[in-house]
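Below: the structure, in structure tokens.
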Amino acid sequence: MQLNRSVTAIVTGGASGLGEATARELAGAGVRVAIFDLNKDRGNKVAGEIDGVFCEVNVANEQSVVDGFAKARAALGQERILVNCAGTGIAVKTASRKKDTNEPVAHPIDQFDRIIQINLVGTFRCISKAAAGMLTLDPITEDGERGVIVNTGSVAAEDGQIGQAAYSASKAGIKGMTLVVARDLSRDGIRCCTILPGLFNTPLLGAAPEDVKRSLGAQVPFPSRLGHPYEYAKLARQICENSMLNGETIRLDGAIRMAPR
């Protein structure tokens, strides 16, 4: 797909981190970008800087997503690109013992469900709605391409660490549905790929001391550092531009394989 002003994109989680970098990368290529995020102040700021549109959206809430798509499409037109970056995580063991009483305690199911609802169900909710909208578009390439969907998983989908049962399950679910979504939409010229980032310098690590960040980066075989959000953004852009990338899950991790902890 050729990126220019005739193309509209929606980036979830676009107010910070990987999503912000992707929104800026696509806007820099001429794409009109709508940002879905809960951070209203930051979202409006980024949207203003890239001449885009901010939509206050909670991907775990059906009506919020419906309203977000309606606002984005009213302002910019039907999207041909969806990049799903919205997500969060927790660190809770499957079962553990209370420190003060040594009493066994199970992983709270409401916490597990919350991560699944945001990361996995929220991603699919946006995928299905974007795809339905893309079906209304005319193809823009000789191959008949109508649109492209890029999801954000994590290396935790394949080698999750201790305490990441909920997070790993949600990201493995995104990985697992990637090929299916690509197959579902293939006859209508809509592609789907997923990126599995490794250790990246995003707000999730933003509060960590610099020595902790250096220690984490040193675990990466090469380059031995945390990834930069713009490196994710460049891969997301390449997926949009390269029509042969479809149904694929790509690790972007410097060859790291995560240890148990």
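Just so you know, all these numbers are worked out from the coordinates, no wet-lab data involved. Computed from a prediction, not measured in an experiment: that's the story for all the values here. Every residue, glycine among them, receives a Cβ derived from its backbone with ideal geometry; neighbour counts consider all protein chains shown.
See the values below:
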| read-out | value |
| --- | --- |
| Stretch gain in nm, segment Ser128-Ile116, where the contour uses 0.36 nm per residue and the Cα spacing is subtracted | 2.7 nm |
| Nearest-0.05 FRET efficiency for Arg183 and Asp138, computed from C-beta distance (R0 22 Å) | 0.50 |
| Under 13 Å from the Cα of Lys129 - aspartates and glutamates, other chains or at least 8 residues apart | Glu62, Asp67, Glu79 |
| Solution diffusion estimate, µm²/s, Stokes-Einstein, the chain, Kirkwood Rh from C-alpha pairs, 10 °C, viscosity 1.306 mPa s | 85 |
| Net length gained if the chain between Gln63 and Glu248 were fully extended (0.36 nm per residue, minus Cα distance) | 63.6 nm |
| Size of region 64-145 as Cα extents on the principal axes (Å, biggest first) | 65, 28, 15 |
| Neighbour-count ranking [beta-carbon atoms within 10 angstrom, fewest first] of Asp159, Asp51 | Asp51, Asp159 |
| Cα Rg over Rh - region 149-188, Kirkwood | 1.11 |
| Sorted by Cβ density within 10 Å, fewest first, the residues Asp253, Asp113, Asp100, Asp41 | Asp100, Asp41, Asp113, Asp253 |
| Potential lengthening between Ser96 and Glu210 on full extension [0.36 nm per residue; Cα-Cα distance subtracted] | 38.0 nm |
| Per DSSP, loop trypsin sites (Lys or Arg not before Pro) in region 57-116 with at most 13 further Cβ within 10 Å | Lys93, Lys98, Lys99 |
| Filter on Lys40/Lys98; Lys71/Lys213; Lys175/Lys213; Lys45/Lys234 - keep pairs with C-alpha separation over 32 Å | Lys40/Lys98; Lys71/Lys213 |
| Modelled label reach - His107, point 7 Å along Cα→Cβ, region 170-190 residues with backbone N closer than 20 Å | 170-177 |
| Per-pair calculated FRET efficiency, R0 = 22 Å: Ala259 and Tyr230 via Cβ, rounded to 0.05 | 0.25 |
| Measure of compaction for region 129-223 (Cα Rg per 2.2 N^0.38 Å) | 1.42 |
